[in-house]
Ligand code: CTP
Ligand code: MG
């Protein structure tokens, strides 16, 4: 089957605040989500995208195609993991159980084409799959209950998990369902796979693959977009 992506876009953006969920905030005349979809569709091998949106989302533009390729919408869930599961269930039947599927946050509009290409190239050679990630640059402190510093964590082996993440459709569905059944909150797809004893590959991606969480992140994306336009 062809390559599809699931884009969880059913969050409310509580940390960002405001009435309009962050994935719909206008950036250069388009909703943030349009920038995210464009970054994904920059890869010529991507056949289509499933977007998981909030039930009865009044802001969803109703796209059935984007840049000439199919877009499907489905209702997401109460957590990011539930939204991804719903998105996987809404993939077309042509996506087979052992086909790789991308999962990419709606709130990550600044994905670089070279990073997506590297993830696909290396992830498809891995038996499990792979995620984009960036090495931790900060010095990490462990806090005590009183707010005092209990120690400094070595950061040499620590990475920040980014998206996209690439896994086989059925393995990912099973891993997310197992985590949900166990009541375990998984904050990315890799974590669900790890719980199954699997070891996804880390593929280093650019640090500017930012997740828009606050107004400062949005300002940074707007800056990067303008700089790219020249
Ligand atoms: N997401 C989702 N379904 C949920 C929660 C989140 O599809 N129930 C999506 C968001 O829309 C976003 C991505 O998962 O594209 C990453 O989540 P996050 O950045 O945390 O977005 P929100 O949950 O919307 O923001 P917040 O946590 O501040 O409320
Ligand atoms: Mg959230």
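Observations on the structure shown:
- Overall form of the chain per C-alpha gyration tensor (a/c, 1.5; a/b vs b/c): rounded
- Dividing the summed -39500 (n - 2.57) terms of all DSSP H runs of n ≥ 4 by the residue count of the chain sets its mean residue ellipticity at 222 nm at -8500 deg cm²/dmol.
- Residue among 17, 148, 123 with the largest mean-square fluctuation in a Gaussian network model of the chain, springs linking Cα atoms under 10 Å: 148
- Of 45, 77, 62, the residue with the greatest mean-square motion in the GNM of the chain, using alpha carbon springs below 10 Å, is 62.
- Pairs of Cα atoms nearer than 8 Å and 6+ residues apart set the relative contact order; for the chain it is 23 percent.
- Radius of gyration (Cα atoms) of the range 19-153, expressed as a multiple of 2.2 N^0.38 Å: 1.27.
- Within a Gaussian network of the chain (alpha carbon springs, distance under 10 Å), most fluctuating of 218, 210, 20: 20
- DSSP-defined antiparallel bridges as percent of all bridges, the chain, nearest 5: 50
- From the alpha carbon centroid of the range 104-163 to that of the range 1-57 is 21 Å.
- For the range 1-49: rounded, prolate or oblate by the Cα gyration tensor [a/c cutoff 1.5]: oblate
- Taking the range 145-230 and dividing mean pair separation by its residue count, relative contact order in percent (alpha carbons under 8 Å, at least six apart): 18
- Shape of the range 103-229, Cα gyration tensor, a/c cut at 1.5: oblate
Read the figures in this text as sums done on the coordinates, not as results from a lab. Everything numeric here is computed off the predicted structure, so don't read it as measured data.
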